[in-house]
Each structure stands twice: as C-alpha cells, then as structure tokens.
Amino acid sequence: MKIICIGRNYAKHIEELRNERPKEPVIFMKPDSAVVPKGNPLFLPDFSDEVHYETELVLRINRLGKHIPVEKAHQYYDAIGLGIDVTARDVQRQLKAKGLPWEKAKAFDFSAVVSREFIPVDAFDDLNDIDFSLKINGKAVQQGNSEHMLWKFDELVAYVSKFFTLRTGDLIFTGTPEGVGRLERDMILEGFIGDKSMFKIRVK
Ligand code: ZN
C-alpha cells in the first residue's frame, strides 16, 4: 500500500504559506510505515520543533489502474476517509530552501493519521460539496469543503496515475485547506466529515 499526497490544492492554504500557485498538482508520497497504527496516540517526532496538522479528505483506491482518463477516474475509488498529513514544518522549510525532497518532513513514522472508517462514495450527494473539519480540544481549527479544491478528485486520480500505477488499497490525500497549525503534546484531535466523527486521537 502506498500513500500519494497532493500539496497546494486549496488556494487559501497556498496563500497562508506564501507558496506559489502550481500549474500542475504537487505530488509527494508517504510509505505505509507512516500510518499511525490503530489505537495508538500521535507521537510527535523528536527532530522537529514545529509539527503541523493538515486535515485532508482521503480517497481509497479500489482497483488497479494506470493512465486513467479523467472521465473514468470515478471508477477507481470507492470511499472517502479523513486523514492528517502530519508535517514537520521547520524541516520542510529547510528542505524547500535548498530545493531538496520533502520526505524527512512529510513521510516519517506516524506522519499519516488515517480514519479507520471510510464513507462509500455513493453515500455523498455531491463529491464536490463535502464539508470536513478538525477540532482541537473541542474547538474547530480547520474547516474545508471539497468544492474549493483546485483539482477535483477525478482530475487528481487521472494525473497521479500518469506517473504511478494505482493499486487497491492505495490512498490519495487530497490536500489541506487553510488553518494549519502547530501540534502540542496532550492535544485531542477530532476529525469530521460533515457531522460524522472520523477519528479522535491524542498527541503524545
Ligand atoms: Zn498536506
């Protein structure tokens, strides 16, 4: 299983980090070892002083595909979950400044919170109107809607499959809206799709 992540897919998040608006989706990956195991807290890595949460809708791939046309892309994912792309922002800033790859900042152990449950795509009225949010200690810190994505789910699946064969069980993190911020020990993170609680996890 692999995790493919999309960076800079929400205009307001691009602005908050003062990044350039990309002409094509920004892609990076996390290995399967990045996933926080079931029931574990979110351990912060010791090599960073500025670990950020990025709350993202996650597509679950349900069949093998490569070079998938946009019109057929909807046949390649069957459910949507919620995740946190845990990011060592200080490390990422250093790597970016040197033009180096982002893995140390994005793909380390426990850098991917993934909801255990996924919601079948059929359960949504409109995939381009999915509300999602993150609460920290009960207070909303990030609120997004899939309508604000620069590239929609089908476009992302098609684009990603030009470079990487997609397999059943692969996940695509579709990018974070604005409101990212720093994680501190003992925070309780709870993620929602609509009103439905998708995960609740303590930071350690
Ligand atoms: Zn992200």
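The values are calculated or read from the model by the stated rules, or taken from the named source; none is laboratory data. Only a predicted model underlies this, so the values are computations on that prediction, with no experimental measurement involved. Counting neighbours? That spans all protein chains shown, and the Cβs are built from the backbone with ideal geometry, glycine included.
Just a few scattered comments:
- Where strands (runs of 3 or more DSSP E) fall wholly inside region 112-204, the ranges with 1 or more residues that are in contact (Cβ under 8 Å) with a residue 12 or more places away in the chain and more than 22 Å from residue 12 (Cα to Cα) are 112-114, 171-173, 188-193, 196-202.
- Within region 31-42, tally of residues that are of a type outside the set (A, V, I, L, M, F, W, C) and either in contact (Cβ under 8 Å) with a residue 40 or more places away in the chain or within 12 Å of the ligand (Cβ to nearest atom) (or both): 5
- Scan of region 138-167 for residues that are crowded, with 20+ Cβ neighbours inside 10 Å and within 25 Å of residue 187 (Cβ to Cβ), ordered by number: 142, 144
- Neighbours by Cβ (under 6 Å, 6+ apart or cross-chain): first from region 75-86, assigned to a strand (DSSP E or B); second among the acidic types (Asp, Glu): 83/56; 85/54; 85/56
- Total residues in region 4-30 satisfying the condition of being closer than 25 Å to residue 185 by Cβ, of a type outside the set (Lys, Arg) and either away from the ligand (no atom under 12 Å from the Cβ) or modelled with pLDDT of 95 or more (or both): the figure is 2.
- Conditions (1) surrounded by fewer than 20 Cβ atoms within 10 Å (Cβ to Cβ); (2) within 25 Å of residue 161 (Cα to Cα); (3) at pLDDT 95 or above; number of the one not met by residue 41: (2)
- Candidates in region 91-111 are the residues that are basic (Lys, Arg) and free of Cβ contacts under 8 Å to residues at least 60 places away in the same chain; of these, the one that is farthest from the ligand (Cβ to nearest atom) is 98.
- Qualifying residue in region 144-160 (condition: closer than 11 Å to residue 57 by Cβ and of a type in the set (Gly, Ala, Ser)): yes
- Output for region 153-171, where each listed residue is within 14 Å of the ligand (Cβ to nearest atom) and farther than 18 Å from residue 71 by Cα: 171
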